[in-house]
Amino acid sequence: MFEYAQEQDHLQSIYDELLTLRELYQQQPQLGNALTNAALSPEQKEKIFVTMQGPFSHEMQSFMNIVFGNNRMNDLLLMIDDFEKRYDDAIGRVQATVTTAVPLTDEQAQHLETAFAKRIGAKTTVLTQKVDPSIMGGVIMRANDQVIDGSVRTKLMHIKERLTQQN
């Protein structure tokens, strides 16, 4: 689907529709169960599926038909996640998680997004914020396979290790 969307210059619109589909699944988790439920007849599943397709473009409906026709509806969220990763790579965006001891202000979050994007060579960064008082202060940034741990907790652990090694 990603290659098709890229070739047709519909990357943004297909991405937006996939996010809408993901949101639909998250808001109504029973939807995925209904489409894969062995107790429902194929006709009943088809009815649910056709209703679900309504608001989507022709391209998305075709994609959904292929997924449904191949009994892969259980994998749909994984497919959307894969598309999103490839989309992020294509536009130079990185999804990152920042953990702090206290909530960040909007200004602090914006500063971290910009600084982290520069550090890892991305055009933009989208931050998901987590609060964990146990880190005591500082920040822990995670993106892809990278972790930058500037937490007070980790610094104190390193100091403790050095002190115990000296004795």
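The values are calculated or read from the model by the stated rules, or taken from the named source; none is laboratory data. Predicted model, so just to flag it, every value in this text is computed and none were measured. A quick note on method: Cβ atoms are made from the backbone with ideal geometry, for glycine too, and the neighbour counts reach across all protein chains shown.
Output the residue which, of all residues in the stretch 25-42 that are part of a helix (DSSP H, G or I) and touching a helix residue (DSSP H, G or I) at 6+ places or on another chain (Cβ under 7 Å), is surrounded by the most Cβ atoms within 10 Å (Cβ to Cβ).
Here is the first cut: in the stretch 25-42, the residues part of a helix (DSSP H, G or I) are 25-27, 30-36, 42.
Checking which are touching a helix residue (DSSP H, G or I) at 6+ places or on another chain (Cβ under 7 Å) leaves us with 25, 31-32, 34-36.
Details: Tyr25: 18, Leu31: 17, Gly32: 16, Ala34: 18, Leu35: 21, Thr36: 14.
Among those residues, the one meeting the criterion is Leu35.
Kindly indicate which of Gln61, Gln6, Gln95 is under 14 Å from the mean Cα position of the chain (by Cα) and surrounded by 14 or more Cβ atoms within 10 Å (Cβ to Cβ). Steps first, please.
Working: Gln61 fails: under 14 Å from the mean Cα position of the chain (by Cα); Gln6 fails: under 14 Å from the mean Cα position of the chain (by Cα).
Just one listed residue meets the conditions, Gln95.
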Residues in the stretch 156-164: is at least one surrounded by 13 or more Cβ atoms within 10 Å (Cβ to Cβ) and not in a strand (DSSP E or B)?
no
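In the stretch 127-153, which residue that is of a type in the set (Gly, Ala, Ser) and surrounded by fewer than 19 Cβ atoms within 10 Å (Cβ to Cβ) is farthest from Val94 (Cα to Cα)? Break it down stepwise before answering.
Here is the first cut: in the stretch 127-153, the residues of a type in the set (Gly, Ala, Ser) are 134, 137-138, 143, 150-151.
Then drop every residue that is not surrounded by fewer than 19 Cβ atoms within 10 Å (Cβ to Cβ), which leaves 134, 137-138, 150.
Working: Ser134: 26, Gly137: 24, Gly138: 21, Gly150: 19 Å.
Checked the stretch 127-153; the qualifying residue farthest from Val94 (Cα to Cα) is Ser134.
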Contacts under 7 angstrom Cβ, first residue in the stretch 7-19 being closer than 19 Å to Leu76 by Cα and in a helix (DSSP H, G or I), partner at pLDDT below 95 and aromatic (Phe, Trp, Tyr), 6 or more apart:
Glu17/Phe56
Any residue at all in the stretch 59-82 that's assigned by TED's automatic domain parsing to the domain that holds Glu46, in contact (Cβ under 8 Å) with a residue 24 or more places away in the chain, of a type in the set (Val, Ile, Thr) and part of a helix (DSSP H, G or I)?
yes
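For the stretch 10-42, which residues satisfy the criterion of being among the acidic types (Asp, Glu) and in contact with a Phe, Trp or Tyr (Cβ under 7 Å, 6 or more places away or on another chain)? Step through it out loud before you land on a result.
The initial filter retains those residues of the stretch 10-42 that are among the acidic types (Asp, Glu), namely 16-17, 23.
If the condition is that a residue be among the acidic types (Asp, Glu) and in contact with a Phe, Trp or Tyr (Cβ under 7 Å, 6 or more places away or on another chain), then Glu17 is the only one that fits.
Which of the following residues is touching a helix residue (DSSP H, G or I) at 6+ places or on another chain (Cβ under 9 Å) and crowded, with 18+ Cβ neighbours inside 10 Å: Leu76, Leu19?
Working: Leu19 fails: crowded, with 18+ Cβ neighbours inside 10 Å.
The conditions single out Leu76.
Select, from Ile91, Ile66, the only residue that is farther than 19 Å from Thr125 by Cβ and β-branched (Val, Ile, Thr).
On the way: Ile91 fails: farther than 19 Å from Thr125 by Cβ.
Every option except Ile66 fails the conditions.
Go through the stretch 114-126 and give me each residue that's within 18 Å of Tyr87 (Cβ to Cβ) and surrounded by 18 or more Cβ atoms within 10 Å (Cβ to Cβ).
Taking the stretch 114-126 first, the residues within 18 Å of Tyr87 (Cβ to Cβ) are 117, 120-126.
Listed by number, the residues that qualify are Ala117, Ala122, Thr125.
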Check whether at least one residue in the stretch 132-154 is of a type in the set (Asp, Glu), within 30 Å of Ala34 (Cα to Cα) and touching a residue at least 12 places away in the same chain (Cβ under 8 Å), and report yes or no.
no
